[in-house]
Amino acid sequence: MRQTNRALNRILLALLGLALLGAGAAVIAAGTLPGAADTWTATASSVRDSARNLVDTAPLPDPVRSWWLVAGIAVLLAGVALSAAWLASQGGGRTPRLAEEQDGTGERDGTGGTGGARGRTVVDVGLVSAALREALSGNRDVLATSVSAWESRRGTALRLRMEARKGSSPRELADTAEELIREMDALLGHPIPVLVRITSGARTQVSGSRRTR
């Protein structure tokens, strides 16, 4: 239900892993193979001399010294900005609104105006969350619940997480969640996609068992 591009993330992680693997192999080779250390020293010296020659081709007054340094800093800043934008786009899709509908037909009256008032009805996820928590407050098998809404390809979807008591039946909890979802669909007037997660946590470990195993 998130807008994260998983394929792109995996490709970037694979490239980063290969780069780190190559860097680690180069460090190990430089520390264990005598010829590799000499090669790396000569390569580093050559790269340093090439960089100095490149800086001298576009001089600037001190302390900048060269346009190439300005271009390098600009490239680094652009890379930081793009990375920040990419990170901000990851895991998006969460929304505070579960449902939204336009009200009123806007029919014209005898004076040429609109007789029906047009408006918009929005169902906030907090309302549904409070209703579900109230419905589950008397269920001893449920220690805690959390509700959130996410934008998906099928529209707005609901995610319901239920923290189960130690020894409780997942089948009974799933049936309870299904019944609550049917009542919520009837209340909203149309079904919505729902993801139900039955989990355990720290409270599950310290809570009393529902029945003897």
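Yes or no: Ser148 within 15 Å of Ile192 (Cα to Cα) and either open to solvent by 40 Å² or more (accessible area, probe 1.4 Å) or touching a residue at least 24 places away in the same chain (Cβ under 8 Å) (or both)?
Considered against the rule, which asks whether it is within 15 Å of Ile192 (Cα to Cα) and either open to solvent by 40 Å² or more (accessible area, probe 1.4 Å) or touching a residue at least 24 places away in the same chain (Cβ under 8 Å) (or both), Ser148 comes out as yes.
In this structure, is Arg52 open to solvent by 90 Å² or more (accessible area, probe 1.4 Å) and either assigned to a strand (DSSP E or B) or closer than 30 Å to Trp86 by Cα (or both)?
Answer is no for this residue.
Any idea which of Leu187, Leu160, Leu143, Leu195 is at pLDDT 80 or above and open to solvent by less than 20 Å² (accessible area, probe 1.4 Å)?
Leu160
Of the conditions (1) modelled with pLDDT of 75 or more; (2) open to solvent by 80 Å² or more (accessible area, probe 1.4 Å), Leu180 fails just one. Which one is it?
So the condition that Leu180 fails would be (2).
The values are calculated or read from the model by the stated rules, or taken from the named source; none is laboratory data. Given the structure is predicted, the values throughout are model-derived calculations rather than measurements. Please note: Cβ atoms are built from the backbone with ideal geometry, for glycine as well, and neighbour counts cover all protein chains shown. Accessible surface is based on the protein model in full, side chains and every heavy atom, while ligands, DNA and RNA are left aside. Shrake-Rupley method; radii C 1.70, N 1.55, O 1.52, S 1.80 Å.
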